[in-house]
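Engineer: First, the structure itself, so that you have it in front of you.
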């Protein structure tokens, strides 16, 4: 990517650092752990469209160099899972949430969390669909691991129910050792802590490399 076309912002710096490590001599170096090929790229949720634009440009560049790149939408996965349910089940969720909200919005939110968590955070929820898509992609293209990349994005659509630490835990060991980069709308709070959307309490002790040098005070 041309530095003259884009101002040197924090987001651009993060994407450039990721690109450099992906194209490292000897193969992608997005992690210091040989068998743990995950990385996280945090970004300001207000820059969602800017982030998508930069990732699209990076993906196109990699593809022009012979890479196989797959972008997975967590929003699309969740909507597909919900649509596969009996419509009466979803309608009952909505009616109950609406009734609770009129008296206590916090109680309504807690109710939705209880109902949606199995779709999002359980091993057979969103994570299982991510693993399935990666496996199908690997089988379809007989991928070369050193020139293959998976982007997992659109996590903001799962706010406030999503925890990236849960997703990474459930897909660990099931990604064919293909590099996976999670596009994370939120803030870095210290070296290993991330706050989803900059609103939720920070999840700590992340193992993947975090491509962001800005640490926000709590």
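Read the figures in this text as sums done on the coordinates, not as results from a lab. Owing to the predicted nature of the structure, the values given are computational and were not obtained by experimental measurement. For neighbour counting, all protein chains shown are included, and Cβ atoms are generated from backbone atoms with ideal geometry for every residue, glycine included.
Engineer: On a 0 to 90 degree scale, rounded to 10, what angle separates helix 87-103 from the longest Cα axis of the chain?
Structural biologist: 70
Engineer: Using a Gaussian network model on the chain with a 10 Å cutoff between Cα atoms, which of 83, 20, 174 fluctuates the most?
Structural biologist: Result for the chain, Cα springs under 10 Å: 83 fluctuates most.
Engineer: In µm²/s, what is D for the chain at 37 °C and 0.692 mPa s, where D = kT/(6 pi eta Rh) by Stokes-Einstein and Rh is the Kirkwood radius from Cα pairs? Don't skip to the answer; put the middle values down first.
Structural biologist: Working: Rh = 18.5 Å.
The Stokes-Einstein estimate is 178 µm²/s.
Engineer: Given labels modelled 7 Å from the Cα in the Cβ direction, how far is it in nm from residue 115 to residue 97?
Structural biologist: Calculated label separation equals 0.7 nm.
Engineer: So what does the Cα-only Debye profile of segment 68-143 read at q = 0.15, 0.19, 0.26 Å⁻¹, as log10 I(q)/I(0), no solvent term?
Structural biologist: -0.63, -0.85, -1.18
Engineer: Can you compute the helix-only [θ] at 222 nm over the chain? Use -39500 (n - 2.57) per DSSP H run of at least 4 residues, normalise by all residues, nearest 500 deg cm²/dmol.
Structural biologist: On the way: 7 runs with 97 residues, N = 218.
My calculation for the chain gives -14500 deg cm²/dmol from helical runs alone.
Engineer: Please give the helix 48-64 orientation as an angle from the longest Cα principal axis of the chain, in degrees from 0 to 90, rounded to the nearest 10.
Structural biologist: Tilt of helix 48-64: around 40 degrees.
Engineer: Let me ask something additional. Percent relative contact order of segment 1-110, based on C-alpha pairs within less than 8 angstrom and at least six residues apart? Walk me through the intermediate numbers first.
Structural biologist: Working: 38 pairs, mean separation 16.3, N = 110.
Worked out over segment 1-110, it gives 15 percent.
Engineer: Could I ask something else about it? Quick one: order 38, 196, 49, 93 by neighbouring beta-carbon count within 10 Å, fewest to most. Can you show the working numbers first?
Structural biologist: Details: 38 21, 196 25, 49 7, 93 17.
Ranked by crowding around the Cβ, least crowded first: 49, 93, 38, 196.
Engineer: Have a look at segment 83-185 and give its Rg and Dmax from the Cα atoms, expressed in angstrom.
Structural biologist: Considering segment 83-185 through its Cα atoms, Rg and Dmax are 16.9, 55 Å.
Engineer: A follow-up question, please. Most exposed first by the Cβ proxy, i.e. fewest other Cβ within 10 Å, how do 165, 24 rank? All intermediate terms of the calculation are to be shown ahead of the outcome.
Structural biologist: Values: 165 17, 24 12.
If I rank by nearby Cβ atoms, fewest first, I get 24, 165.
Engineer: I want the antiparallel fraction of DSSP beta bridges within the chain, as a percent rounded to 5.
Structural biologist: Details: 5 of 22 bridges.
Antiparallel bridges: around 25 percent, rounded to the nearest 5.
Engineer: So, one more: What is the Rg over Rh value, at two decimals, for segment 18-63, using alpha-carbon atoms and the Kirkwood definition of Rh? Could you put the intermediate results ahead of the total?
Structural biologist: Working: Rg = 12.4 Å, Rh = 12.0 Å.
We get a ratio of 1.03 for segment 18-63.
Engineer: Now, a different point. Give me 36, 101 sorted ascending by neighbouring Cβ count inside 10 Å, so fewest comes first. Intermediate results must be reported in sequence, preceding the final value.
Structural biologist: Working: 36 18, 101 15.
Lowest to highest Cβ neighbour count: 101, 36.
Engineer: Next up: Hey, what angle do you get for helix 105-120 against the long axis of the chain, alpha-carbon based, 0 to 90 degrees rounded to 10?
Structural biologist: Helix 105-120 sits roughly 50 degrees off the main axis of the chain.
Engineer: Extension gain residue 192-residue 85, at 0.36 nm per residue separation less the Cα-Cα distance, in nm?
Structural biologist: On the way: separation 107, 0.36 × 107 = 38.52 nm, distance 3.67 nm.
Computed gain between residue 192 and residue 85 is 34.9 nm.
Engineer: Pop a pseudo-label 7 angstrom from the Cα along the beta-carbon direction at both residue 75 and residue 56 and give the gap in nm to one decimal.
Structural biologist: Result: 1.3 nm between the two label points.
Engineer: Using the Kirkwood formula on the Cα atoms of segment 110-154, what hydrodynamic radius do you get, in angstrom to one decimal? Intermediate values should be presented prior to the final figure.
Structural biologist: Working: mean 1/r = 0.0813 Å⁻¹.
It is 12.3 Å.
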